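This report refers to the structure that appears directly beneath it.
The values are calculated or read from the model by the stated rules, or taken from the named source; none is laboratory data. If you're wondering where the values come from, they're calculated on a predicted model, not measured in any experiment. Using ideal geometry, Cβ is built from the backbone for each residue, glycine included, and neighbour counts are taken over all protein chains shown.
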């Protein structure tokens with residue numbers, strides 16, 4: 001029926017049928033000769049011109065009208081066919097096997113000690129010689145012309161026989177090991193025997209979400225697999241958040257790209273959106289590569305990850321190797337300067353451990369009984385220099401450290417004792433008095449003016 005005479009409903013049904021044929025879910029349409037029409041061929045090629053009066057799609061108008069009768073592109077040599085079996089050697093025949101279709105230099109049989117010319121025994125049959133002229137463009141270049149698909153059945157049978165023999169040998173080997181007590185249910189032999197079955201079960205488990213509906217058509221069809229299926233025990237994506245303003249769910253592809261529960265903690269989520277998968281795996285490494293290429297280009301390097309991906313990858317690897325070497329060198333320098341707290345403590349620190357000596361203190365922290373042992377350290381303590389009776393840092397005032405014995409704030413100063421402290425206070429008081437007198441004189445001069 002012409003498309004011009006179809007109703008809207010018929011056009012819709014015809015379009016759905018064409019899509020099913022292209023997907024391989026429906027058989028292909030046949031022409032007047034009963035041959036299948038590839039559903040992927042455009043309509044303007046399958047529709048015949050109006051003057052041919054063809055109601056159904058056909059490809060006769062696309063075929064060669066000048067083709068002569070008797071020409072067959074699929075015709076090929078009859079392999080291994082014999083035409084005549086002679087009983088004695090004939091003049092002009094092969095001296096080795098006795099066939100008339102070839103000479104001794106072209107004979108494919110085993111060279112005999114005495115040829116058929118002299119023995120007249122085991123005369124080979126004449127081969128069928130054909131002169132086939134392949135004129136078609138496709139037929140000349142057909143690699144499988146003359147191939148019989150039935151020959152492959154022998155390969156399948158041989159494979160099945162080998163598989164049966166292998167299984168029998170495996171069972172006998174397992175039985176011998178069980179009889180000798182070398183293997184058991186938990187032994188390595190039983191695990192090796194179930195390797196193939198385990199692999200098969202794993203393959204079946206990985207394909208649980210695939211539904212195959214194949215139709216053998218001239219276009220090859222498709223599997224018609226249904227993707228993105230879930231296990232029946234799992235919660236459907238659209239039930240994770242019933243808010244209408246939450247992530248959008250596409251029922252056709254069964255996908256929910258956004259996170260349905262963005263405010264929920266990550267350890268409590270069972271599904272974080274389909275886009276979460278896109279940012280996993282090698283995506284982060286690819287993103288780091290792109291960022292490195294952009295930063296290198298901004299710093300003057302002639303690098304483009306899209307134009308030269310191999311160069312960008314090589315430079316990024318060199319950058320990471322150099323950065324890692326610098327980090328290792330920096331870490332070694334820090335350890336050499338400050339030491340490593342994770343290393344085993346030296347033996348001299350063992351002396352700082354607890355002892356069995358008894359020391360008793362009062363509420364004010366004074367020793368009442370026993371002798372107090374000060375903890376020792378690796379640094380020198382109570383070292384008095386420049387006649388000081390206290391160590392540096394024993395006195396602090398107004399953000400300044402100094403000596404408690406003389407209140408000196410200079411570390412390399414000489415100790416002056418209490419007299420120095422008194423002289424320092426007197427100098428400070430005299431300086432303040434001088435500043436006040438200077439201020440009074442300045443006020444008096446201002447009043448005179």
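So the values come out like this:
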item: Of the criteria (1) modelled with pLDDT of 85 or more; (2) exposed (fewer than 11 other Cβ atoms within 10 Å of the Cβ); (3) assigned to a loop (DSSP other than H, G, I, E, B), which one residue 324 fails; result: (3)
item: Selected residue (only one of 291, 242 is at pLDDT 90 or above, out of contact with any helix residue (DSSP H, G or I) (no Cβ under 6 Å at 6 or more places or on another chain) and surrounded by fewer than 16 Cβ atoms within 10 Å (Cβ to Cβ)); result: 291
item: Long-range neighbours under 7 Å by Cβ, at least six apart or interchain, first residue assigned to a helix (DSSP H, G or I) within segment 438-449, second surrounded by fewer than 10 Cβ atoms within 10 Å (Cβ to Cβ); result: none
item: Which numbered condition residue 110 fails, given (1) more than 18 Å from residue 77 (Cβ to Cβ); (2) surrounded by 11 or more Cβ atoms within 10 Å (Cβ to Cβ); result: (2)
item: Qualifying residue in segment 7-21 (condition: part of a loop (DSSP other than H, G, I, E, B), out of contact with any helix residue (DSSP H, G or I) (no Cβ under 8 Å at 6 or more places or on another chain) and modelled with pLDDT under 85); result: no
item: Counted residues, segment 42-53 - those being outside any helix (DSSP H, G or I) and farther than 23 Å from residue 19 by Cα; result: 2
item: Subset of segment 400-425 [in a helix (DSSP H, G or I) and surrounded by fewer than 10 Cβ atoms within 10 Å (Cβ to Cβ)]; result: 419
item: Evaluation of residue 281 against (1) in a loop (DSSP other than H, G, I, E, B); (2) closer than 30 Å to residue 242 by Cα (one fails), failing number; result: (2)
item: Some residue of segment 178-196 being assigned to a helix (DSSP H, G or I), exposed (fewer than 11 other Cβ atoms within 10 Å of the Cβ), under 26 Å from the mean Cα position of the chain (by Cα) and at pLDDT below 85; result: yes
item: Within segment 339-369, tally of residues that are modelled with pLDDT of 80 or more, over 30 Å from residue 412 (Cβ atoms) and in a loop (DSSP other than H, G, I, E, B); result: 8
item: Odd one out for residue 81, checked against (1) modelled with pLDDT under 85; (2) closer than 30 Å to residue 123 by Cα; result: (1)
item: Hey, residue 78 over 41 Å from the mean Cα position of the chain (by Cα), within 30 Å of residue 63 (Cα to Cα) and assigned to a loop (DSSP other than H, G, I, E, B) or not; result: yes
